[in-house]
Each structure stands twice: as structure tokens, then as C-alpha cells.
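One structure is given below, encoded as C-alpha cells.
The values are calculated or read from the model by the stated rules, or taken from the named source; none is laboratory data. Everything numeric in this text was worked out from a predicted model, so none of it was measured. Here the Cβ positions follow ideal geometry from the backbone for every residue, glycine too, while neighbour counts run over all protein chains shown. Ligands, DNA and RNA are stripped out before the accessible areas are found, and what is left, the full protein with its side chains, is counted by its heavy atoms. Shrake-Rupley method; radii C 1.70, N 1.55, O 1.52, S 1.80 Å.
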Amino acid sequence: FKVRRMKANARERNRMHGLNDALESLRKVVPCYSKTQKLSKIETLRLAKNYIWALSEILRSGKAPDLMSFVQALCKGLSQPTTNL
């Protein structure tokens, strides 16, 4: 039993390391990457979702939005500290 538990723990550790590495890569490509303040996992995912949506809207409409509406689209549903970045 103990060996199975140790193997399961090792698999879970590896899974979490992979997830954290993927989130770190995502943090580097979303618009408000900060070297001083790391976005939380949920904020990273929310921002990525908003960014993808905003970019798809640009493609759909065929025109670049004004900066203020683009920023508002990115910040939708994010916490105040993330919005301040």
C-alpha cells in the first residue's frame, strides 16, 4: 500500500509541475506579464480567455478596436490588483 501511495504522489507531483510550467508559459504571452507580481492560476486563465476573445473580435470585425475598449475587454472579470497591472 505504501509503495502505491508513493507512486501516486510522484505522479501527482509531476502532473502539478507540468501544469505550473504551462501556466508560467501562458503568463509570459498574455498582455500584462509582470516580472515582479505573478498572476494567480485563475487570473492567468481568465486573462488568457479575455485575450483570446478580444483577438477573435478583432478578426471578426476586421478592424482594430480603440485602446480603451480593448483594455476593458481584457480586464472583464479580473480582480482589481490584476486590472491595475
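Overview of results
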{"quantity": "Arg5 vs. criteria open to solvent by 60 Å² or more (accessible area, probe 1.4 Å), of a type in the set (Lys, Arg), out of contact with any strand residue (DSSP E or B) (no Cβ under 9 Å at 6 or more places or on another chain) and assigned to a helix (DSSP H, G or I)", "calculated": "yes"}
{"quantity": "Pair list, Cβ under 7 Å, 6 or more apart: region 65-79 residue basic (Lys, Arg), other residue surrounded by 13 or more Cβ atoms within 10 Å (Cβ to Cβ)", "calculated": "Lys76/Asn50"}
{"quantity": "Subset of region 31-49 that is modelled with pLDDT of 90 or more and among the charged types (D, E, K, R) - its residue that is least open to solvent (accessible area, probe 1.4 Å)", "calculated": "Glu43"}
{"quantity": "Hey, Leu78 open to solvent by less than 60 Å² (accessible area, probe 1.4 Å), in a helix (DSSP H, G or I) and within 19 Å of Leu26 (Cα to Cα) or not", "calculated": "no"}
{"quantity": "The one condition in (1) open to solvent by 80 Å² or more (accessible area, probe 1.4 Å); (2) closer than 21 Å to Asn84 by Cβ; (3) of a type in the set (Val, Ile, Thr) that Ile52 fails to fulfil", "calculated": "(2)"}
{"quantity": "Evaluation of Lys28 against (1) open to solvent by 90 Å² or more (accessible area, probe 1.4 Å); (2) assigned to a helix (DSSP H, G or I); (3) over 16 Å from Thr82 (Cβ atoms) (one fails), failing number", "calculated": "(3)"}
{"quantity": "Enumeration of residues in region 56-70 that are among the hydroxyl-bearing types (Ser, Thr, Tyr) and surrounded by fewer than 10 Cβ atoms within 10 Å (Cβ to Cβ)", "calculated": "Ser61"}
